[in-house]
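Everything on this sheet refers to the single structure shown next.
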Amino acid sequence: MSQSAKKAFITEIFERDNHTEDEYCKYERSLSKCYSTTDVSRRDYIRACKHCGVVPLSAFLRQLGERKMSLKFQLLSKNAIKCCAIALLRNLDIQSLDFEGCQIGLPGAKYIYDLLQKRTNITEINLSSNKLETDGLRWMVQLLQSNHHIKSINLSNNQFMDSDAMYIADMLHGDNIVNELNLSHNKFSEEGGLIIGSALGCNDTIKILNLSWNHLRGRGAHAIGLGLQKNTAIKILNVSWNGFDVAGCHGLAHGLEKNNTLVDLDVSSNRIGITAVSKLLEGMKRNSSLEILRIGNNPITAQGSMVILHTLNRIPHIKYVDFGLQPVDMDFVTTLVKYQKSRDLHATYGKVCLKPIGDDGDPTMYIYGDPVTIMFEFTRMKEVDVLDLFITFDTDGSHSLSWEEFKEGVQFSKMPVRMRDLDTIIKRIDINLDGEINFSELMIAQKEHNLRVKKLMEKGERVFLQSEIGYVHQELLKWFEDKGVTLKHYSIMLNMQSAETKETSNNT
């Protein structure tokens, strides 16, 4: 019988709604004709399907003699997965199971547990997108505690939350030999990151860990980075599409300082700006194993890409950096070609702009609006005394601020002002046009700003919020919130009254 005839026979018999006993018997008898040897697994599967009233899957039957069984997105019912498990109990060929998207849930997790407790030939299992949730995860943890032959397990997109992180910790603490663990597309956030990060430091078997597409940020992201300090096995870490930002990169920096196994790090799409990058690079300088850095789809700008390139050139073991679609200028390309003449360094990047790209540093660190208004509204809302500000900026004690001193002062005070706007600020405040700002000029400019605020407030809060200053004011409130800066007992009216009191005191 030809192969096409076999497939036609299987389709005709098993795609009917009602199956009589004669039809099942006919199919079992046909196996001896279609195949040269008796396949126990196929007969077990047919009998199990008959007993459970399940339509046999031709895809499952075809793959029983292969090393990999893939039933992606087959939507297996409770009885369907049970029949598959029964058929695999006496199968010694299958080494890899791929049940992605089969929606097997908790019942399926139990059958998988029963099967793999007894089958040591299966070393790879993919259970992504199966709605396992907490109860299903518990069965998988028990499985890994009893079966020490599974090397790779994919549990992505199974709706795990922070409360499930303790089971992941048990998995990482266990004496299993899992080398590859995929936990992507779940809902682990700050608390979950703390638990997983702590357990990661105790693990000595995981070589590939995928935590992408979760909600790891803040202390949780920081803990994941610190987990690298004591880990002695991990080679590939993917934490893309989270919110690592500065806190996460700070943790990664500390982890990389002591880790000597990590080869590939993916931090793409993590809201990492120039400040966060500088933290990460400091850790990389002290690391001796990392070869690949993936940092695309972050607000690093073209200027940041150049800074990264210069730094990585001084780290001899780095071989490849992925900037994703980040635009660069010709200076970047020229510099890369220059470095490649003396060492093995490759990079991928986005569009090459023929003209230099004007960069302002980390875009997450400033807001849009009139720079002078931003500066004085910033000091007013934080209740910063202009005299203290001036003294802080005046590092050489000359009682005036040069462009460089003013730039360093703005960066030190973390004002959300773009570097390219410093010239504009100095020109607006510099009354005597000497290219510097003295104390009296700064005082006059602040008084003018406070007077404008006072006049607007006299017309009502609504008028104030609809003005240019009001727009900056609202953007600053959002900026303070994003950066975790608390303005204690702050309100527009109370802050205004405080500003008037200080102004009266200064005049006196």
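Quick grid of which residues meet (1) under 24 Å from HIS173 (Cα atoms); (2) in contact with a helix residue (DSSP H, G or I) (Cβ under 9 Å, 6 or more places away or on another chain):
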| position | (1), (2) |
| --- | --- |
| PHE60 | no, yes |
| GLU66 | no, no |
| SER70 | no, yes |
| LEU75 | no, no |
| GLN103 | no, no |
| LYS110 | yes, yes |
| ASP114 | yes, yes |
| THR120 | yes, no |
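Check LEU97, LEU116 and return the single one that is within 34 Å of the chain's Cα centre (by Cα), under 18 Å from ILE177 (Cα atoms), open to solvent by less than 60 Å² (accessible area, probe 1.4 Å) and modelled with pLDDT under 95.
The conditions single out LEU116.
Of everything in the range 62-94, what is farther than 20 Å from SER129 by Cα and open to solvent by less than 20 Å² (accessible area, probe 1.4 Å)? Give them in sequence order.
Of everything in the range 62-94, those that are farther than 20 Å from SER129 by Cα and open to solvent by less than 20 Å² (accessible area, probe 1.4 Å) turn out to be LEU64, CYS83, ALA87, LEU88, ASN91, ILE94.
Any residue in the range 470-486 that is touching a residue at least 24 places away in the same chain (Cβ under 8 Å) and open to solvent by less than 50 Å² (accessible area, probe 1.4 Å) sitting within a Cβ distance under 6 Å of a residue that is basic (Lys, Arg) and part of a helix (DSSP H, G or I)? List the pairs, counting only those 6 or more apart or interchain.
Nothing qualifies.
For the range 195-214, enumerate the residues that are under 14 Å from VAL178 (Cα atoms), open to solvent by less than 10 Å² (accessible area, probe 1.4 Å) and β-branched (Val, Ile, Thr).
ILE206 - this is the single residue of the range 195-214 that is under 14 Å from VAL178 (Cα atoms), open to solvent by less than 10 Å² (accessible area, probe 1.4 Å) and β-branched (Val, Ile, Thr).
Which ones in the range 215-232 are closer than 28 Å to SER129 by Cα and open to solvent by 10 Å² or more (accessible area, probe 1.4 Å)?
The answer is HIS215, ARG217, GLY218, ARG219, HIS222, ALA223.
Give me the pairs, please: first residue somewhere in the range 438-450 and closer than 22 Å to ASP396 by Cβ and part of a helix (DSSP H, G or I), second residue anywhere and among the hydrophobic types (A, V, I, L, M, F, W, C) and open to solvent by 20 Å² or more (accessible area, probe 1.4 Å), beta-carbon distance under 6 Å, and either six or more positions apart or on two chains.
Cβ pairs passing all conditions: GLU441/ILE431.
With ILE357, ILE367 as the choices, which residue is modelled with pLDDT under 90, assigned to a loop (DSSP other than H, G, I, E, B) and within 21 Å of GLN446 (Cβ to Cβ)?
Answer to the check: ILE367.
Take the range 456-479 and flag every residue that is at pLDDT 85 or above and not in a helix (DSSP H, G or I).
Residues satisfying the conditions are LYS459, GLY460, SER467.
The values are calculated or read from the model by the stated rules, or taken from the named source; none is laboratory data. For clarity, every value in this text was computed on a predicted model and none was experimentally measured. As a convention, Cβ positions derive from the backbone with ideal geometry for all residues, glycine included, and neighbour counts pool all protein chains shown. The accessibility values were calculated without ligands, DNA or RNA, using every heavy atom of the protein model including side chains. Shrake-Rupley method; radii C 1.70, N 1.55, O 1.52, S 1.80 Å.
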